[in-house]
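I have placed the structure first, in the form of structure tokens, so that the comments after it can refer back to it.
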Amino acid sequence: MDTASDREPRQERSRVTRARLLDAAVGCLAERGVSGATVGAVAERAGVSRGAAQHHFPTREGLLLAALRHMVESRSADLRRRADAVPAGPERTEAVGPGPPVRPGRAHRPPRLAQRRTAHAAGRPAMDDRERTENLREVLIAY
């Protein structure tokens, strides 16, 4: 019979495996793009079997969406830490600096993903796999 102390190491291994898969998926997306970020490629990069990857993420779409969420959450946490470290008072402006440059043509144009979601909400048919892939690519490029 499993006791709580027996389950804990398995749960921790499961959390570690999941984190490795997410990190590997982000790496694959960055290096190979959406088309190259297959479950097999992610599993190989994470050092786990394809079956282990599919245990945690039954579909490729689920894996890629989870990787995207993982990346956004990691970046958000980093930005929060950096914002918390900014001093108060007159030194605040100098500590923050000028900020990143705005890419020409992007400042006043909503991303196509937002336009597609608006059109979808207005009654257009659901997105196909090609459109979903393009949406993921746009979000990744924005980061």
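Per residue, the stretch 1-74 exposes 59 Å² of accessible surface when a 1.4 Å probe is rolled over the protein heavy atoms with every protein chain present. Hydrodynamic estimate: the Kirkwood radius of the stretch 29-80 over Cα pairs, inserted into Stokes-Einstein at 10 °C and 1.306 mPa s, corresponds to D of 136 µm²/s.
Per-atom-type breakdown for the stretch 9-86 gives carbon and sulfur 51% of the accessible area (1.4 Å probe, protein chains only).
Please find the FRET efficiency linking Arg69 to Glu8, where r is the Cβ-Cβ separation and R0 is fixed at 22 Å, and quote it to the nearest 0.05. Efficiency, from the Cβ-Cβ distance: 0.30. Full extension of the segment from Val86 to His55, taken as 0.36 nm per residue of separation minus the current Cα-Cα distance, would add 7.0 nm.
The gain in end-to-end length when the Arg32 to Asp78 segment is fully stretched comes to 14.1 nm, 0.36 nm per residue minus the alpha carbon separation. Rolling a 1.4 Å probe over the protein chains gives Ser35 an accessible area of about 90 Å².
The values are calculated or read from the model by the stated rules, or taken from the named source; none is laboratory data. Quick caveat: nothing in here was measured; it's all calculated off a predicted structure. Neighbour counts are summed over all protein chains in view; Cβ atoms, including those assigned to glycine, are modelled from backbone coordinates with ideal geometry. For the accessible areas, the whole protein counts, side chains as well, though only heavy atoms, and no ligand, DNA or RNA atoms are used. Shrake-Rupley method; radii C 1.70, N 1.55, O 1.52, S 1.80 Å.
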